[in-house]
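Report on one structure; see the data block that follows.
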Amino acid sequence: MRTAAALWVGLLALTGCVSTNVDYSELHSAAEGRLRRAGAATPRLGQDVKALLSRPLSAEAASRVAVLNNPGLRASLEELAQAQAQLASVKRLPNPTVEGAMRFRRGERADLEVGAMLDLTELALALSRGGAAEAGVSASQLSAVGAILDLSFEAREAFYHYQAAVQVLELRRSILDAMSASAELAARLREAGNIPELERVNAQSAFLEARINHQRAEAAVAGAREQLNATMGLWGRATEWQAETRLPEMPETELAVDKLEQESVRASLDLQIAKQRFTASARSANVSRAAGFLPELRAGVSAERDEHWAVGPAVELEVPLFYQGQGEVASARAEMRRQRELYTDLAIRLRATARSAATRLLVAREGVAYYRDVLLPAKQKIVDETLLQYNAMSIGAFQLLQAKRDQIETARGFIEQLLEYWVARTRAEQLLSGRLGKQQAGVPVQEIAVGAGSGPTH
């Protein structure tokens, strides 16, 4: 009896060690560590949403608000709780079955028969099934960290799009003011008979075009702001936040793009998840194969009362004569092969994406430098020379306004190029943090307009 009691206590301890609680702070800390290693600045953990929204937002603060407040992220993290609950279910002890019977004979005391049985085969397979489920939980934990990282970078991109949209709106407003002044001047000169009708019509047309472009830029700002609100999980008065409205300058030092492919593969959460999925499917295949050949064995105790109580062991055995779980084994092996191919496909796409991201970042950086050092100074020179000619009365006001308009259009191109740089850098940092985001994995994503116009190896 002491031996049996010790066995039951040991089995209960085995199943009691499975936790169904999710440590969200641990997940956030793991994500923060990956962000730091990727070179992405992060605010301290102690900040809450109200504190972050009480001052002008930055890209880092927006990502923090999103991670703390987005309900979609909280919903996705519940998948980890489900995986842990499934693990607890898989590793549970099989419940014993109890049988009883009573037989009556005329004029005699009723005979009693009772028995208790435990499924030993299920008990033997429980630990093996638990191993497969544990691999699935590990994959879910990595996926949860990945979901935090994805949302963080999504918020950063949305914030950069908002900043760019605001800057483009300001430029569109400058163009609108210039074209409005040009149209008014042309109307007065035409009324005085100093210019032909064609010049007045051209000036009016340019003003109307500038006005529609300004309206479209206003819509782009509103759309970018609401996209950022949705990413941060904000509604109501919480959407009245203020933000830094200028895209940051390009940093002097750049990420080590020559090592981007190597470091992305090394840090990849996606590949680690794929490995865990493969491990889980391989273990499930082993369990299915073993379960098909093991007889279903139940053992227990049986007691019967006739004149006296008689107690003895009882055994039930189901022999796998006609079916050895061929369907389950084939399904598990197919899943294992599927996970292996998915892993290989992911490794190929990750490497290709890293190379593409490195090229995109370098090209965007060169484009920003070209706008800043060549195009913008050239346009400023043209405006200065045009102003000199205007002061000398060699050209008219319309030519000066056109030169200024061209300069502003070049400034808009610079903003869009700077946005391209920050998006490219953000996605490179995302790869270095271990995530192949949806945008980089080939899934179409609608971007916000900023202006008119034993597993396998890798």
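Bear in mind that the values in this text are calculations on the coordinates, not laboratory data. Predicted, not measured: the structure shown is a model, and the values here were computed from it. Neighbour counts run over all protein chains shown; Cβ positions are idealised from the backbone, glycine included.
Residues Phe159, Phe414, Phe278 in ascending order of nearby Cβ atoms (within 10 Å, fewest first): Phe414, Phe278, Phe159. Stretched out straight at 0.36 nm per residue, the stretch from Thr239 to Arg338 would grow longer than its current Cα-Cα span by 31.2 nm.
Cβ crowding within 10 Å, taken as a proxy for footprinting-reagent exposure, orders Met117, Met179 from fewest neighbours to most as Met117, Met179.
Ordering Arg34, Arg372 by the number of other Cβ atoms within 10 Å of each residue's own Cβ, fewest first, gives Arg372, Arg34. A straight Cα-to-Cα reach below 17 Å connects Lys275 with the aspartates and glutamates Glu134, Glu335, Glu341, Asp345, residues fewer than 8 places away in its own chain not being considered. The stretch between Ala310 and Glu113 holds 70.0 nm of extra length on full extension. This uses 0.36 nm per residue minus the Cα-Cα distance.
For Lys404, a cut-off of 12 angstrom between C-alpha atoms picks up these aspartates and glutamates, skipping any fewer than 8 places away in its own chain: Asp177, Asp384, Glu385. The modelled label-to-label distance between Arg211 and Glu191, using points 7 Å beyond Cα along the C-beta direction, is 1.7 nm.
So how much slack lies between Asn229 and Arg55, counting 0.36 nm per residue of separation and subtracting their Cα-Cα distance, in nm? All intermediate terms of the calculation are to be shown ahead of the outcome.
On the way: separation 174, 0.36 × 174 = 62.64 nm, distance 1.57 nm.
That pair, Asn229 and Arg55, stretches by 61.1 nm at full extension.
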